[in-house]
Amino acid sequence: MTGAQKTSASTTTGVKADSGSRLITSRFHAKSTALEVVEGVSLAGRQAVVTGGAAGLGLDTSRALVAAGASLTLAVRNTEQGRQAADQIRLQYPKADITVSLLDLGSLSIVSNFAAQWVTGGKVLDILVNNAGIMACPLTRDSHGWEIQFATNHLAHFALTTSLLPALRQAAKEHGEARVVVLTSAGHKIAGIDFDDIHFERREYDKWQAYGQAKTANALFSLELNAREAENGVTANAVHPGGIMTGLQKFLPVEEMKARGWLNPDGSVLDRFKTTEQGASTSVWAATALELKGHGGLYLEDCRQGVPSAPDDRASGYFPHIMDREAARRLWMVSDNLVSKG
């Protein structure tokens, strides 16, 4: 990626898409780990930010970027947890350059302060991983009255990323490129964007519909961001990390997870689920792979470019609505209007 690459982190195998274009794939797979992805990669002299980087997927994403030599900022709501995570990473990488900074995605003013301090401090930003998120929580509204899953997973990251664009553009000028990685999910298949009632003010709230809408928003945001910024050397891709058991499931009762086929009858996790080390691999691949340089607006999963899936496939591939350019542009305008007033 950005930075000297000692050896290619992965090898493009080039599978033909239906349209005739070549899909971007790699020698990695669903069970590859984030540390395996960065073997031979040097991010020395590069700046990276990972939201929610102190736990779960974020922690393993952070660890891998540090292993490759990046200067890392853990952008976290709980700074004590962030300091503990930084200490944990330093035990493995004593020379790690890690900063812990407050970033509460529930507060646009804190998001704005984080971005303003970064930009006014004159630091470039080579890698931004929008990793933090919440899932399937009870109906909750923030101080603006916004539905919390849409507000946290999408709007806060929209505000953060757009505010950091000067630093991303400057990194692209100095180092040849900058990358934004946006965590989405196969959950995007649950729902598109209801532009007439995004915040469930008139329709009945459904926690999974709200989650699906937010994950669709993540993918559409990366699509439009890439369309706007690729000419400035800033690319953006959406990443589906796969099924992983993390703190994301904290709102789900065990019985519901069993009913959804996520747990065995004895409560153990199904073998098809990834570890956090495996789940972080595609985020890290998106942030570092040579073959992705100059490529954005993609849906990535299992360290490869995702493809459209059949309507009955709920696990892999993507549904067409996350590649809808008109919807992506509309979402950008709606989001910009909301955060500018917020």
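Per-residue ellipticity at 222 nm from helix content only, as computed over the chain with -39500 (n - 2.57) for each DSSP H run of at least four residues, stands at -10500 deg cm²/dmol.
Measuring between alpha carbons in the structure, the pairs from K189/K293; K215/K341; K95/K215; K215/K274; K123/K293; K31/K189 lying more than 31 angstrom apart are K95/K215. Counting only DSSP beta bridges whose two residues both lie in the chain, roughly 20 percent are antiparallel.
Using the Cβ-Cβ distance between R329 and K31 with R0 set to 30 Å, the FRET efficiency from 1/(1 + (r/R0)^6) comes to roughly 0.20. Computed packing ranks the peptides 119-128, 215-224 as 215-224, 119-128, most packed first, by mean other Cβ atoms within 10 Å.
Determine, at each q value in 0.07, 0.08 (inverse angstroms), the log₁₀ of I(q)/I(0) that the Debye formula gives when each Cα of the chain is one equal point scatterer. For the requested q values the scattering log ratios are -0.25, -0.33.
Coordinate-derived values only; no laboratory data. In this text, all values refer to a predicted model and were calculated from it rather than measured experimentally. Glycine also receives a Cβ, built like all others from the backbone with ideal geometry; neighbour counts cover every protein chain displayed.
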